[in-house]
1. Principal axis extents for the chain, Cα atoms only, whole Å, descending order, please.
2. Excluding same-chain residues fewer than 8 positions from K6, which aspartates and glutamates have a Cα within less than 19 Å of its Cα?
3. Accessible surface of H27 in the full protein assembly, 1.4 angstrom probe, to the nearest 10 Å²?
4. Taking only Cα atoms and a 10 Å spring cutoff, compute GNM fluctuations for the chain and point out the largest among P77, P32, P44.
5. Ordering D65, D14, D31 by how much accessible area each has at a 1.4 Å probe, largest first, what is the list?
6. Put +1 on the Cβ of every Lys and Arg and -1 on every Asp and Glu Cβ in the chain; which of G61, L11, P44 then has its Cα farthest towards the positive end of the dipole?
Amino acid sequence: MKTIHKFPLSLREDVTHRLPAGAEIVHVGVDPREEICLWVMLDPSAPKTEARRFAILGTGGQIADNLEYRGTVRADPFVWHILEYKA
């Protein structure tokens, strides 16, 4: 059975979270504590075998070819774009 879990992201260009294979990012947003987070659907009983890397870039930041867009969040007064490094 799958569940949705929250993973906070710090404001930097290289954040890694270990996730089970097949984990799916379902939302990117800001939680009530004003932390930028990923919400990920996963099987909590599956081993966390994949190291998935994310970048947080401001508007106008350069996006390398090895990044895939995952979502945009507004954390006043800034707008941040969350991207994932391709495997």
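1. Sorted from largest, the Cα extents of the chain read 38, 32, 16 Å.
2. D14, E24, D31, E34, E35, D43, E50, E84
3. The value for H27 is about 100 Å².
4. Comparing P77, P32, P44 in a Gaussian network model of the chain, the most mobile one is P77.
5. D65, D14, D31
6. It is P44, whose Cα lies furthest towards the positive end.
The values are calculated or read from the model by the stated rules, or taken from the named source; none is laboratory data. Since we're looking at a predicted model, the values are computed, not measured. As a convention, Cβ positions derive from the backbone with ideal geometry for all residues, glycine included, and neighbour counts pool all protein chains shown. To get the accessible areas, we keep the full protein, side chains included, count just its heavy atoms, and leave off ligands, DNA and RNA. Shrake-Rupley method; radii C 1.70, N 1.55, O 1.52, S 1.80 Å.
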